[in-house]
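What follows is calculated from the coordinates using simple rules that are stated; it is not laboratory data. As the structure is a computational prediction, the values presented were derived from the model and not from experiment. Cβ placement follows ideal geometry from the backbone for every residue including glycine, while neighbour counts extend to all protein chains displayed.
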Amino acid sequence: MDTIAAISTPLGYGGIGIIRISGEDSLKIIKLIFKSNHQVKDHEIVFGKIVDNSEVLDNVLVSYFKGPNSYTGEDTVEINSHGGIVVMRRILELVLKNGARMAEPGEFTKKAFLNGKLDLSQAESVMDLINSKSIKQNKVSVKQLEGKLGKQVNEIKSELYDVLVDLEANIDYPEYDIEEVSKNKVENIVNNLLIKLSKLSDSFYDGNIIKNGINVAIVGKPNVGKSSLLNKLLDKERAIVSDIPGTTRDTIEETIIIDGIVFVFGDTAGIRNTKDTIEKIGVDKSIELLNNADVVISMFDLSKELDAEDLKILDFIKDKKKIIIANKSDLEGFNLDRLKEKYDIKAEDIIEMSTKEEKGIDDLKQKLVQMFNINAIEQNDENILTNERHKEAVDSTIASLKNIQDSLKANLPLDMISIDLQNAIKYLGEITGESVSEEIINGIFKKFCLGK
């Protein structure tokens, strides 16, 4: 078993940088390069100097964690140096020169998984925690890091395994007087587990929103105020604002957190018929963004009469989750009835806005939060799926259990039920990592940052 090392803090200039070492030679390496008046001991922090021959590289703090009582389950050393790029790289090079090798992305957490310190769902939550953009995402990631998803999965798997053992005992040893598993018992267990798993699968909608955010497309004709709205939401001049139609020719995406929810806003090129080749590409991108959005904010300038292009946009969004913005309410010609007369829209579904006077901005934020009701998620302590791989595994388990239901209704032999039970257990094991291929494991940890 070799020894790995990497810088675990982002490269840059900061107060502290951490170089992490893990493996059987960790303590041996640190003794070669660390000089102190105190001995390096398990779970203690020692002050001293990192020395290359007679040259002092830095004054540092060294922590030693003897395996298996460490993050990776192996002997682990962490060197807390000053946070300069040069000093951290020089210390790392010295560690490598004395017997360690450079760690691969995510290899420390991979070792933790392989050594049984974390299940695979916990390991994946580490990267989700690092990448958290909001408090809600942070809370869900911490919950999974604590192993709550793995615990629920193992409880369901245990119930299925008990049924499988009883079934196979009846199949393999029919000559013995073993109590036959009743059809009703299997049906009840399968039905109850399907309810739990279906609830878990359905949670992915909310979980995906918490993890990846809500995609919002701002659409409308040129010069209706789309870029001004994005700038007001961001509270900075991100998009160019001009009286000249067609200024925005590409999509601009920005992340905004409203009430703890991540919204990814896309300011699009104005949708209209155009002969300008570059602008047409922008319009095509706008339509693509509109089609992929979770919600569409459609803006109209109601200081002017609506035309065919406005009606075309309304037609585009008729089947989408949407918010209608009646903009430029500060202008004298503003008339809300223009929109209601041309299209069947209720007054309560329209937000009157003046981006110039910042009227209606708070109403828009409030409506966005209410539309997705993410706050309700935190009111219970149930697991939420945020990982597509977990969602696929749960759905495959559900499919296997439904096959069992069908087999029971058709009075098929017990070995048919046994095969589907084995499959269900295997799919659940993919979540925790018990029955997942090495290729998938390697693919998961390659997405991690170096040093984690």
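In order along segment 360-370, the Karplus-derived 3J(HN,Hα) couplings, from 6.51 cos²θ - 1.76 cosθ + 1.60 at θ = phi - 60°, round to x, 5, 5, 4, 5, 4, 4, 5, 4, 5, 5 Hz, and Gly and Pro are given as x.
Distance from the C-alpha centroid of segment 309-339 to that of segment 8-48: 62 Å, rounded to the whole angstrom.
Per-residue Karplus couplings for segment 45-59, computed as 6.51 cos²θ - 1.76 cosθ + 1.60 with θ equal to phi - 60°, are listed in order as 9, 10, 8, x, 10, 8, 10, 10, 6, 9, 8, 7, 8, 5, 8 Hz, Gly and Pro entered as x. When each of the peptides 144-154, 324-334 is scored by how many other beta carbons lie within 10 Å of its residues on average, the order from highest to lowest is 144-154, 324-334. For Ser8, the residues whose amide H sits under 5 Å from its own are Ile18, Ile19, Arg20, ignoring neighbours fewer than 5 places away on the same chain, with H placed 1.01 Å from N. Taking amide H positions as modeled 1.01 Å from N, with prolines and chain starts lacking one, the residues under 5 Å from Arg101 and 5 or more places away or on another chain are Thr3, Ile4, Ala5. Proximity of backbone amide H atoms, modeled 1.01 Å from N, is registered between Leu57 and Ile50, Val51, Asp52 at under 5 Å, excluding neighbours fewer than 5 places apart on the same chain.
With an a/c value under 1.5 for the gyration tensor axes a ≥ b ≥ c computed over the alpha-carbon atoms, segment 4-103 is described as rounded. Put simply, when 77-89, 311-323 are sorted by average Cβ atoms within 10 angstrom per residue, most first, you get 77-89, 311-323.
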